[in-house]
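Read-outs: derived from the displayed coordinates by stated rules, not from any lab. These figures come from a predicted structure and were not determined experimentally. Every residue, glycine among them, receives a Cβ derived from its backbone with ideal geometry; neighbour counts consider all protein chains shown.
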Amino acid sequence: MAGNLKPVLARLAVGETLSAADAEDAFGIIMSGEATPAQIAALLMAMRVRGETVAELTGAVRAMRARMLVVEAPGNAVDVCGTGGDAAGTLNVSTAVTFVLAGLGVPVAKHGNRALSSRTGGADVLAALGVNIELPAERLAGVLRAASCVFLFAPRHHAALRHAAGPRVELGTRTIFNLLGPLANPAQVKRQLTGVFDPKWARPMAETLAALGTEKCWIVHGEGLDELTVAGDNQVIELDRGTIRSFTISAADAGLPAAPIAAIRGGEAAVNAAALGALLRGAAGPYRDTVLFNAAAALIVAGRAEDLRAGVALASSAIDGGAALAALETLRRETA
């Protein structure tokens, strides 16, 4: 396409889909700053209206990965994150899960951002907990080694996305970029637990990760949330070394009590940070149960637990023994 999006826009205008290679070229043009705002908006909306394909997701992610600031991480590192976009305003679950896993020695390269569609994003709550989320890139690998966890602040690793920022804001609706973040972890993890705001995207995201070489992942959606919930049934798409299967789980499968989503409704960063701190100090209730549920799933993905009940037992030991809190304290110290 030689820096020109017009040919691909002509194809999209008549309903064509793009191959992974063509999508990689197109998004490469966007991320290199060679496309106009009107062209970017036209491409994003043409894909959105028709429906993005796995090939287009794969190509877009490849373009994004090719331009991201990479962080060295162990081969067994995992990510726990969500797409956002569920507008539920819950307490920060994946951030709490990060410390539970780190307390068990599972390295977590958590990719995240400030609140975009929620009240408090992972970056917001970590900053409120005293973690420096804007460390120089050269320090991040060392922090991960020392604390078994690190926060990878998305804007610092994906600077090329700034070229699409204006059109995305002006469009004011979901585009393919909402799906790309969890697929482009700067530590290039091969295992991840990822929540999606809409269950229809679970399988396409798993298929995209399979095409990109991911070993194992669970893509989950629970009762409108981009994470597992104890409030009802949860849909799971599992990728395990090329094999994809789907199933449904609930809190009962993990030996946990049910509770309504309203029981973990959060607030501003200070409120969520206080709740997370209390959780790591042993506070019981639906928030703890939700974190245990998600941590159990992440431990299965990481290869540390055979099933949900075993995962819950391990996660409980990390909290009750103080290891999860110690992981937070180490991260705070290492990022000072």
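Of note:
- Per residue Cα convex hull volume in Å³ - calculated over region 57-194: 110
- Mean-position separation - Cα centroids, region 186-252 and region 63-95, in angstrom: 13
- Cα-only Debye scattering, region 6-67: base-10 log of I(q)/I(0) at q = 0.14, 0.25 Å⁻¹: -0.32, -1.09
- Taking Cα centre as origin and charging only the Cβ of basic (Lys, Arg, +1) and acidic (Asp, Glu, -1) residues, the dipole magnitude of the chain rounds to 420 debye.
- Lys/Arg +1, Asp/Glu -1 at C-beta; the chain dipole; positive extreme among Thr175, Gly130, Asn234: Gly130
- Relative contact order for region 229-336, counting Cα pairs under 8 Å that sit 6 or more residues apart, in percent: 22
- Among the trypsin sites (Lys or Arg not before Pro) found in region 214-312, those both in a DSSP coil and sparsely packed, with 14 or fewer other Cβ atoms within 10 Å of their Cβ, are Arg241, Arg281.
- A simple rule links phi to the HN-Hα coupling: the Karplus curve 6.51 cos²θ - 1.76 cosθ + 1.60 with θ = phi - 60°, which for region 70-79 gives 7, 10, 5, 8, x, x, 9, 5, 10, 10 Hz, with x for Gly and Pro.
- Karplus-based coupling profile of region 310-318, in residue order and whole Hz: 5, x, 4, 4, 5, 4, 4, 5, 5, with θ = phi - 60° in 6.51 cos²θ - 1.76 cosθ + 1.60 and x standing for Gly or Pro.
- Both radii come from the Cα set of the chain: Rg as radius of gyration, Rh as Kirkwood radius; their ratio Rg/Rh reads 0.97.
- Charge dipole (the chain, unit charges on Cβ, about Cα centre) - positive-most of Ile249, Leu5, Gly121: Leu5
- Those aspartates and glutamates that a straight Cα-Cα span of less than 18 Å connects to Lys6, excepting residues fewer than 8 apart in one chain: Glu16, Asp22, Glu24, Asp25, Glu34, Glu56
- Toward the positive end of the charge dipole of region 78-334, with +1 on the Cβ of Lys and Arg and -1 on the Cβ of Asp and Glu, the farthest Cα among Val80, Trp201, Ala262 is that of Val80.
- Around the amide H of His111, modelled in the peptide plane, lie the amide H atoms of Val80, Leu152, all under 5 Å away and 5 or more residues distant in sequence or on another chain.
- Along region 228-234 the Karplus relation, 6.51 cos²θ - 1.76 cosθ + 1.60 evaluated at θ = phi - 60°, assigns HN-Hα couplings of 6, 10, 8, 7, x, 7, 10 Hz to successive residues, with x for each Gly and Pro.
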